[in-house]
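Notes to accompany the following structure.
The values are calculated or read from the model by the stated rules, or taken from the named source; none is laboratory data. Since the structure is predicted, the reported quantities are computational estimates derived from the model, not experimental observations. All Cβ positions, even for glycine, are placed from backbone atoms using ideal geometry, and neighbour counts span all protein chains on display.
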Amino acid sequence: MKIAITGKGGVGKTTICALLARELAGQGKRVLAIDADPNGNLAGAIGYDEDASGRIKPLIEEKDLVEERTGAKPGSMGGYFVLNPKVDDLVERFSVEIKGLRLMVTGELKEALGGCYCPENALLRSFLRHLMVDRDEWVILDMEAGFEHLTRGTAESVGMLLVVVEPGLRAMKTAEKIASLARQLHIRKVGYIVNKVHSEGQEKRVVEKLGRDAIWATIPFDFQALEADLSGSSPYDECQEMRKTSRDLVKRLMCEC
């Protein structure tokens, strides 16, 4: 199953992605987590110690690889380069094992004015298509905030799209826009994950706005998640209630498969 997770910035999508990836791995599933967010915080949320093990270099920064596979220097605009480069060996070469799963950091697709196309984009687009179409494990894709990536077509082949939303009008409007774009891309399974809920009243207002059936999970606000973030720990290891919610969410995903 291929799952993309997105939402407005700050709603906690990286935390949800980490919880889901850890829970699936804990249940014995083969999991590949992909950090496609330019902020690149998924490794730490899963439990990677950057101070001890070093920074994970994003795929897009592998300049020699980009030139080798596309036939053009990174950053070059126009000219000729390979639009569908070889990418089927990249997971084995550049992924890192963390807590029983594998993780890769891709970096940000580069879009310039006028919709230009460059070698880095060619490599990343081909790699994302490979992940969605050719890999047979659970792929959990932490997308960049907002919905621009959907208009660029990088999520076309996902099996499910989980849209993380917090109680707030702007977050809910963004979530509805993402869901609308997902339908245009023919993503059949789209669910909302309501995060950071402080009260039953807040949950009720979100349900009234988004609809009960569209909400796949509701996660209460958890101060332990803040403490985990401050200490550099994984919320999966520190937050028992969030861990329980992740188990319930996995059950829902299994039913949707």
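In the range 161-208, the residue that is farthest from ASP142 (Cα to Cα) out of those that are surrounded by fewer than 20 Cβ atoms within 10 Å (Cβ to Cβ) and touching a Pro at 6+ places or on another chain (Cβ under 6 Å) is GLN202. Checking the stated criteria, GLY40 turns out to be within 19 Å of the chain's Cα centre (by Cα), at pLDDT below 90 and within 21 Å of ASP142 (Cβ to Cβ).
Inside the range 1-111, counting only helices (runs of 4 or more DSSP H) that do not spill past its ends, which hold 3 or more residues that are in contact with a helix residue (DSSP H, G or I) (Cβ under 7 Å, 6 or more places away or on another chain)?
So the answer is 13-26, 42-46, 63-70.
Within the range 215-246, being touching a helix residue (DSSP H, G or I) at 6+ places or on another chain (Cβ under 9 Å) and loosely packed, with under 15 Cβ neighbours inside 10 Å holds for GLN224, GLU227, SER231, GLY232, ASP237, GLN240, GLU241.
Does TYR48 meet the test of being closer than 21 Å to LEU131 by Cβ and among the aromatic types (Phe, Trp, Tyr)? Considered against the rule, which asks whether it is closer than 21 Å to LEU131 by Cβ and among the aromatic types (Phe, Trp, Tyr), TYR48 comes out as yes. Scanning the range 222-238 for residues that are among the hydrophobic types (A, V, I, L, M, F, W, C) and in contact with a Pro (Cβ under 9 Å, 6 or more places away or on another chain) yields ALA225, ALA228.
Counted as qualifying within the range 151-241 are the helices (runs of 4 or more DSSP H) with 3 or more residues that are within 16 Å of ILE16 (Cα to Cα), namely 223-231, 235-238. When you scan the range 25-33, do you find a residue that is surrounded by 23 or more Cβ atoms within 10 Å (Cβ to Cβ) and either polar (S, T, N, Q) or under 28 Å from ARG188 (Cα atoms) (or both), even just one? Yes, the range 25-33 contains at least one residue that is surrounded by 23 or more Cβ atoms within 10 Å (Cβ to Cβ) and either polar (S, T, N, Q) or under 28 Å from ARG188 (Cα atoms) (or both).
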